[in-house]
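The values are calculated or read from the model by the stated rules, or taken from the named source; none is laboratory data. Not measured: the values here are computed from a predicted model. Counting neighbours? That spans all protein chains shown, and the Cβs are built from the backbone with ideal geometry, glycine included. SASA here: full protein model, heavy atoms, side chains in, ligands and nucleic acids out. Shrake-Rupley method; radii C 1.70, N 1.55, O 1.52, S 1.80 Å.
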Amino acid sequence: MASSPLRTLASGVVERTAALLVLLLIIRVVVAPAPAVAVDGDCNLTAGFVQVDLPEGNFVVQSPYDVPENQRYSYDVATGVRTFWVYADDKPFNTVTATILAPKSASPKKVSIQIQIPTTLQGHDYSSGVWQFEGFGYVPSGTSSTSVMQIHNEDAGAHATTLMLHVYNGTLRYYSGAAVEDGIYDRWFRLNVVHDVGASTVAVFVDGAARLAVTVAPSASHYFKFGVYVQHHDVSPRVESRWRNVTVYTKPN
């Protein structure tokens, strides 16, 4: 089930200062546990978790209404790399959203992947347990003021996000604040994000090393997103990120 444009509105898009997102790539997660897969490095962060099945058929692209999809998103089957990019004058992925937002002209552009857990007909997201996002990301030099990974909350929630990881001038940051990882440009990095819903905590690891641990506000449900999502200041004319081997894990009760 494709995500409604209203999800974009609910994410606080209308409060931003840039123009609207131009591409949304949505993943629906079919929950089919498989054995946990060890990650590279000295620390197996997925130990005790089971892998959620993510067949390619769950990757559904929503592209800007006036631009062919392949001009803002590409997927290289041979390498498994997904590339997302946005320009300053890009339009939204549908005219309905554009019309609603036009009076304020205040939404950020984004190209991202949303991971949904369709546990009901409405495609509700995860609301309990411990969940982990893992992916290998790459941000080319010159990209600045963009979110590359998020934990998003339910539509119309009190808080749009539980976590956002932004890139500003080569540093990965917790929102626009604390540095998570310096020197993020022009290299592949392994990102693991662990969300313990019951404990209201999020832990972030880069290349197997702990980089952030925060207590977060509870919300009714959550889902993962990754890609590019333009933010408020120091914005580059083009933002881009690349991702491969994206995997979702959950810990059995």
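Couple of notes before you dig in:
- Pairs with Cβ under 8 Å, 6+ apart, first in the range 123-139 and over 26 Å from T83 (Cα atoms), second at pLDDT 95 or above and in a strand (DSSP E or B): V130/V194; V130/H195; V130/D196
- Hits in the range 182-212 (condition: open to solvent by 20 Å² or more (accessible area, probe 1.4 Å), touching a Ser or Thr at 6+ places or on another chain (Cβ under 7 Å), part of a strand (DSSP E or B) and over 23 Å from S141 (Cα atoms)): T201
- Among the criteria (1) surrounded by fewer than 20 Cβ atoms within 10 Å (Cβ to Cβ); (2) under 17 Å from the mean Cα position of the chain (by Cα); (3) within 30 Å of A220 (Cβ to Cβ); (4) in contact (Cβ under 8 Å) with a residue 12 or more places away in the chain, the one Y175 does not fulfil is (4).
- Subset of the range 81-93 (residues that are within 15 Å of T146 (Cβ to Cβ) and either exposed (fewer than 14 other Cβ atoms within 10 Å of the Cβ) or at pLDDT below 90 (or both)): F84, W85, V86, Y87, A88, D90
- Residue check for A78: in a loop (DSSP other than H, G, I, E, B), open to solvent by 80 Å² or more (accessible area, probe 1.4 Å), among the hydrophobic types (A, V, I, L, M, F, W, C) and at pLDDT 85 or above: yes
- One residue stands out in the range 207-241 among those that are modelled with pLDDT of 95 or more and not hydrophobic (A, V, I, L, M, F, W, C): the one that is farthest from T46 (Cα to Cα), namely T215.
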